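Worksheet: the structure to be examined is printed underneath.
The values are calculated or read from the model by the stated rules, or taken from the named source; none is laboratory data. Computed from a predicted structure; not experimentally measured. Cβ atoms come from the backbone with ideal geometry, glycine included; neighbour counts cover every protein chain shown. Calculation scope for accessible area: heavy atoms of the full protein, side chains included, ligands and nucleic acids excluded. Shrake-Rupley method; radii C 1.70, N 1.55, O 1.52, S 1.80 Å.
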Amino acid sequence: MYLRISREDFSWSRSRKAIPVFGLLWSGVLVLALVTVFALRSHLQSIEMSEANQLLTSYLNIHRIFSRSYGPLRFNQENLHEDLIFVRVKQGGDQTLVVGSQAGATGFKEILGLGPEQSGVWLPVDTADGRRVITVITKKYDHGVLVQAGKDGSRGYQLYLKLLRYTAIIVFGSIVLLWPLSLYFIKLSLDPLVTTRKRIRELGKSRGGFLPEHGNGPELDRLYVQINKLIRQNRHLVAEMQQSLDNVAHDLRTPMTRLRSVAEYGLQGDEQAPRLREALSDCLEESERVLAMLRIMMSVAEAESGTMRLEKVDTDLVSLLQQVVVLYEYVAEEKKISVELQTETPVRLKVDPTRISQVWANLLDNAIKYGREGGWVKIIAGTAGDEAFVVFSDNGIGISPVEQGRIWERLYRGDRSRSQKGLGLGLNYVRAVIEAHDGRVSVESRLHQGSRFEVALPLAQEAIQDTIDV
Ligand code: ADP
């Protein structure tokens, strides 16, 4: 497994999610550090205390200061153990303090003031040579005799300070490590979501297929099964709606044809009143329009269901394009749009010439219809690899990114196109026919700058062979 890092991994939204994770990890490190420091501290202190205790006991034993009857105190600076800083004996109101040579000259007020219960480590004491740290031990004997002794605790204390310093460095230094680690955890936890988003986007592009239901780990597998269920339901619903629409179109054809015939019949002869003639002409025109619409819808339905009958013959795409350009010369001139056809030598394909001519007509019609007054349309045709391509470019009104995903739908018309005549079926038909020929069609467009529709069709096998032979 390798780590692929992208800019998104350091985005603010990711960092925001990583903050609680980081907080949790860092608190963990902090707690661990504090527990370790306190454990080591109490360990050091217990060593200090036991050393002090040993020193005092051995001192008391050696000098037999306390006999059974607590005889007179017989200790002085000379017989004080060198590691002991002081020994203090308190009995009633009397107290004796013996201070060792290493204690420094003066300044033992604190020792004299030590409470009877005071026993501990690392008591700061001011001496003539400055502040020092001592470990004090207190022992109680019968008849209210209290013996206190102090030993130099600076070694243990220095060790403890060092430990504290290193721990602080580790705790703050861990930020450098923990922050990328938190970001990595967030990346790991979001990875399935990101993968799912990409897969769904691919599904949307391919307009078919399903998410893989195995091999993604149990959670994702279960999620994908549910999503696939939804996709199936959705597709079934869309198919049913399209089927109903096709049925309606099919059923409307007969009454519409009859309506047109009746209007035609009514218009025969000259005896009708002008108003009646006009109304009948309108009826004829509208029924023609509806019939054209129904015809296209039926063709699309046929193409999509794979039942479109294609009369495929060996055809030269270039001559088909030339014919269509001539057909639209007048319309283009009216809008002062120049139409330029750039082609290579004949591009021969096995296609249904009538259907493919309708495709070129639709694309050129749109390019002129949605082109700007005095603009241009360029048609380029040629071959690339094992495909023939035809590109229609214009510098017209363009299509917004949102609309680009919808223009292929049945009956969809762009908001800014409503001023133009149209049924919203042209591109739907174009795609159905091209896909029925195993080709593809795509669009690139920029709003207010123009559009570019590209059709790619597989070259006839013979044509490919010719190209290889040449
Ligand atoms: P119609 O042209 O009848 O509206 P089409 O299916 O041919 O329907 O086109 C669908 C929509 O796509 C149009 O309404 C228009 O908004 C947009 N369109 C198609 N071709 C172009 C083009 N060359 N330039 C700008 N918009 C276009």
Reduced to Cα centres, the span from segment 153-194 to segment 288-307 in Å works out to 70
So, taking all protein chains as they sit and a 1.4 Å probe, how much accessible area belongs to Arg253, in Å² rounded to tens? 80
Solvent-accessible surface ranking, highest first, for Trp408, Trp26, Trp12 at 1.4 angstrom: Trp12, Trp26, Trp408
Sorted from largest to smallest, which semi-axis lengths in Å does the alpha carbon gyration tensor of the chain give for its equivalent ellipsoid, taking the root of 5 times each eigenvalue? 103, 24, 21
Accessible area of the chain divided out per residue, in Å², using a probe of 1.4 angstrom: 61
Using the Karplus curve 6.51 cos²θ - 1.76 cosθ + 1.60 with θ = phi - 60°, what ³J(HN,Hα) values do you get for each residue of segment 130-136, in whole Hz, with x for Gly and Pro? x, 8, 9, 10, 10, 9, 9
Per-residue SASA entry for Arg452, accessible area with 1.4 Å probe, Å² rounded to 10: 80
Going residue by residue through segment 374-380, the Karplus relation 6.51 cos²θ - 1.76 cosθ + 1.60 with θ = phi - 60° gives ³J(HN,Hα) values, rounded to whole Hz and with x marking Gly or Pro, of x, x, 9, 10, 10, 10, 10
For Tyr141, other-chain or 5+-apart residues with amide H closer than 5 Å (H placed, Pro excluded) are Leu146, Val147
Folded to 0 to 90 degrees: helix 154-206 orientation relative to the chain principal axis, Cα: 10
Lys and Arg at +1, Asp and Glu at -1: add these up for the other residues within a Cβ distance under 11 Å of Ser6 and post the number. +2
Counting sequence-distant residues (5 or more places) and residues on other chains, those with an amide H built under 5 Å from that of Asn216 are Asp221
Rel. contact order, % - alpha carbon contacts under 8 angstrom, at least six apart, the chain: 9
Sequence-distant residues sharing a close amide H with Leu341 (under 5 Å, placed H): Ile379
With all protein chains present and a 1.4 Å probe, the order of Lys369, Lys378, Lys140, Lys17 from largest accessible area down is Lys140, Lys17, Lys378, Lys369
Spelling out what I want: for every residue of segment 382-387, take phi, set θ = phi - 60°, compute 6.51 cos²θ - 1.76 cosθ + 1.60 (Karplus), and round to whole Hz; glycine and proline get x. x, 10, 8, x, 9, 10
Under the classification rounded if a/c is under 1.5, otherwise prolate if a/b is larger than b/c and oblate if not, where does segment 254-358 fall, given a ≥ b ≥ c as square roots of the Cα gyration tensor eigenvalues? oblate
For segment 129-233: rounded, prolate or oblate by the Cα gyration tensor [a/c cutoff 1.5]: prolate
Expressed as an acute angle from 0 to 90° and rounded to the nearest 10, what is the orientation of the C-alpha long axis of helix 274-305 relative to the principal long axis of the chain? 50
Quick tally, 1.4 Å probe accessible area for Tyr224, Tyr328, Tyr184, sorted with the most first, runs Tyr184, Tyr328, Tyr224
Give me the accessible area of Glu311, 1.4 Å probe, in Å² rounded to the nearest 10. 110
From Cα coordinates alone, what are the radius of gyration and Dmax values for segment 312-411 in angstrom? 14.2, 38
For the chain, give the percent of accessible area contributed by carbon and sulfur heavy atoms, probe 1.4 Å, rounded to a whole number. 57
In degrees between 0 and 90, to the nearest 10, how far off the longest principal axis of the chain does helix 426-436 point, with axes built from Cα atoms? 80
